[in-house]
Amino acid sequence: MKILLLQPRLEDALSQLREALHDYPGIDAVVFPEGYLNENVEEARKLAEQHGVILIGGYRKLQERPKDQAIIIGRSGEIALNRVKYSDTAFISQAGLTVGIMLCDELVLQGVKSEEFPSPDLIVHCIGVGMFSKEQFDEWTGLAQEMARTYCTYMIGVSHADGFYRDSTVSIPIAYAFDREGNVIFIAENDTRPRTWDTVSNEVIVRQTLETL
């Protein structure tokens, strides 16, 4: 399975996702941050079907609280997983892998929230904004690494390329991947270039920056 880890800028439309799908053919799935789709789920479903890819990330129901939702859209444009933030962690099968999504501070506040000890192949951590300090960056990557070891799962995460948390004046974009033993596949600090990761070969290819798309 070839996964594109995308760190787009915050936007109302899906132009960066659309352009990435056009420019990176041959991928099986795209991972993007919490809230990136905004309320454009139907457009995302059409893009998934048009390109035959799985979309994994987050969207928003702006009139609800909490507004953030986790979503997996299958290759045919069907909604395979849809859950509200802070609810129980759900796992589904996609392209032969058991996949779950964790949204932003769920990593810290609840971890994997499940009545049974799950056996996932991949946990995707969709982060809304950048880290507001180097200490937070190290804390979150450390927690993700420990989670990979605990559940013997691949753990990958991405944030937006921009975006500040509340009144913070610091935003450090973050992306990472750990293997089932918690070994580092890559950690990107303030480096928002898209990356493709092959789950079979474990190869990571750093792509061109989104700004040049």
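Evaluating Gln7 against the criteria (1) of a type in the set (S, T, N, Q); (2) open to solvent by less than 10 Å² (accessible area, probe 1.4 Å); (3) closer than 23 Å to Ser76 by Cβ leaves one unmet condition, (3). Among the residues making up region 23-59, those that are open to solvent by 40 Å² or more (accessible area, probe 1.4 Å) and at pLDDT below 95 are Asp23, Pro25, Gly26.
Criterion applied to Gly130, Gly111 was being at positive phi and either touching a residue at least 24 places away in the same chain (Cβ under 8 Å) or out of contact with any strand residue (DSSP E or B) (no Cβ under 9 Å at 6 or more places or on another chain) (or both), and the one residue passing it is Gly111. So is Thr150 under 25 Å from Glu116 (Cβ atoms), at pLDDT below 95 and open to solvent by 10 Å² or more (accessible area, probe 1.4 Å) or not? No, not satisfied. Within region 124-141, can one find any residue that is open to solvent by 20 Å² or more (accessible area, probe 1.4 Å), part of a loop (DSSP other than H, G, I, E, B), modelled with pLDDT under 95 and more than 26 Å from Glu11 (Cα to Cα)? So far as region 124-141 goes, no, none of its residues is open to solvent by 20 Å² or more (accessible area, probe 1.4 Å), part of a loop (DSSP other than H, G, I, E, B), modelled with pLDDT under 95 and more than 26 Å from Glu11 (Cα to Cα).
Tell me which residues, restricted to region 45-65, are over 15 Å from the mean Cα position of the chain (by Cα) and either closer than 24 Å to Trp197 by Cα or not in a loop (DSSP other than H, G, I, E, B) (or both).
Across region 45-65, the qualifying residues are Arg45, Lys46, Leu47, Ala48, Glu49, Gln50, His51, Gly52.
For residues in region 73-99 being part of a strand (DSSP E or B) and of a type in the set (Ser, Thr, Tyr), which is farthest from Ala148 (Cα to Cα)? In this case the residue turns out to be Ser93.
Only residues that are among the small types (Gly, Ala, Ser), open to solvent by 10 Å² or more (accessible area, probe 1.4 Å) and either within 13 Å of Tyr154 (Cβ to Cβ) or in a strand (DSSP E or B) (or both) were counted in region 100-123, giving 1. Set side by side, the residues Glu34, Glu39 differ, and just one is within 23 Å of Ile92 (Cβ to Cβ), free of Cβ contacts under 8 Å to residues at least 24 places away in the same chain and part of a loop (DSSP other than H, G, I, E, B), which is Glu39. Close contacts from region 155-174, counting a first residue that is modelled with pLDDT of 75 or more and assigned to a strand (DSSP E or B) and a second that is surrounded by 15 or more Cβ atoms within 10 Å (Cβ to Cβ) and of a type in the set (S, T, N, Q), with Cβ to Cβ under 6 Å and a gap of 6+ residues or different chains, come to Val158/Gln7; Ile174/Ser159. Once region 18-31 is narrowed to residues that are outside any loop (DSSP other than H, G, I, E, B) and in contact (Cβ under 8 Å) with a residue 60 or more places away in the chain, the residue that is farthest from Leu107 (Cα to Cα) is Asp23.
The values are calculated or read from the model by the stated rules, or taken from the named source; none is laboratory data. These figures come from a predicted structure and were not determined experimentally. Methodologically, a virtual Cβ is constructed for each residue, glycine included, from the backbone with ideal geometry; neighbour enumeration extends over all protein chains shown. Keep in mind that these areas ignore ligands, DNA and RNA; they rest on the heavy atoms of the full protein, side chains included. Shrake-Rupley method; radii C 1.70, N 1.55, O 1.52, S 1.80 Å.
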